[in-house]
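The values are calculated or read from the model by the stated rules, or taken from the named source; none is laboratory data. All values reported here derive from a predicted model rather than from experimental measurement. Cβ atoms come from the backbone with ideal geometry, glycine included; neighbour counts cover every protein chain shown. We work out accessible area using only protein heavy atoms, side chains counted, and drop any ligands, DNA or RNA first. Shrake-Rupley method; radii C 1.70, N 1.55, O 1.52, S 1.80 Å.
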Amino acid sequence: MTGHDVTLEWTGGPTETISVDEGQTVLEAAQRAGVRLPYDCRSGTCITCVGRLLEVEGGETQPEEREPNRPPDAADAFAYRRSPEALTDGERADGYVLLCIATPRTDCRVEVGPRVRAAVGDSPWA
């Protein structure tokens with residue numbers, strides 16, 4: 001079975017690289033590896049598990065092709081099991097991803113933790 005390496009980076013804290021099997025979500029792989037990530041709904045309707053894509057290895061949009069200070073396109077790095085209801089189009093364009101339903105398409109780096117969650121704000125369903 002093939003998969004991808006996802007590096008999880010906590011702001012000002014540790015970095016963990018996990019191997020995510022094909023078809024597996026980042027949250028599932030993290031739990032299997034003993035890495036604790038916050039989650040709640042597991043269906044993409046809250047933002048408890050949100051992360052922000054920092055870098056894509058082998059993505060369609062290379063750094064030199066992006067606008068300055070623009071994050072990589074999350075669609076280059078992740079597919080979703082279902083629609084990420086809790087994210088706006090703008091948040092998705094800014095690289096935010098719901099790790100409970102996101103399956104990686106490539107190796108990548110994702111920022112996680114309270115700072116990322118605070119940047120997104122409240123769930124639209126709250």
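Each row is one residue, and each column tells you yes or no for (1) of a type outside the set (D, E, K, R); (2) closer than 18 Å to Asp107 by Cβ; (3) modelled with pLDDT under 95.
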{"site": "Thr45", "(1), (2), (3)": "yes, no, yes"}
{"site": "Cys49", "(1), (2), (3)": "yes, no, no"}
{"site": "Glu65", "(1), (2), (3)": "no, no, yes"}
{"site": "Arg70", "(1), (2), (3)": "no, no, yes"}
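Within region 97-106, track down each residue that is over 8 Å from the mean Cα position of the chain (by Cα) and open to solvent by less than 40 Å² (accessible area, probe 1.4 Å).
Cys100, Ile101, Thr103, Pro104, Thr106
Identify all residues within region 67-96 that are open to solvent by 50 Å² or more (accessible area, probe 1.4 Å) and among the small types (Gly, Ala, Ser); write none if there are none.
Ala75, Ser83
Determine if region 33-43 includes at least one residue that is within 14 Å of Thr106 (Cβ to Cβ), open to solvent by less than 70 Å² (accessible area, probe 1.4 Å) and modelled with pLDDT under 95.
no
Within region 16-26, can one find any residue that is closer than 18 Å to Arg117 by Cα, among the β-branched types (Val, Ile, Thr) and part of a helix (DSSP H, G or I)?
Within region 16-26 (the criterion being closer than 18 Å to Arg117 by Cα, among the β-branched types (Val, Ile, Thr) and part of a helix (DSSP H, G or I)), the answer is yes, since at least one residue qualifies.
Quick check on Asp40: is it assigned to a strand (DSSP E or B) and out of contact with any helix residue (DSSP H, G or I) (no Cβ under 6 Å at 6 or more places or on another chain)?
Taking the combined requirement at face value, the residue does not satisfy it.
Take the residues in region 51-63 that are modelled with pLDDT under 90 and of a type outside the set (D, E, K, R); name whichever of them is surrounded by the most Cβ atoms within 10 Å (Cβ to Cβ).
Gly59
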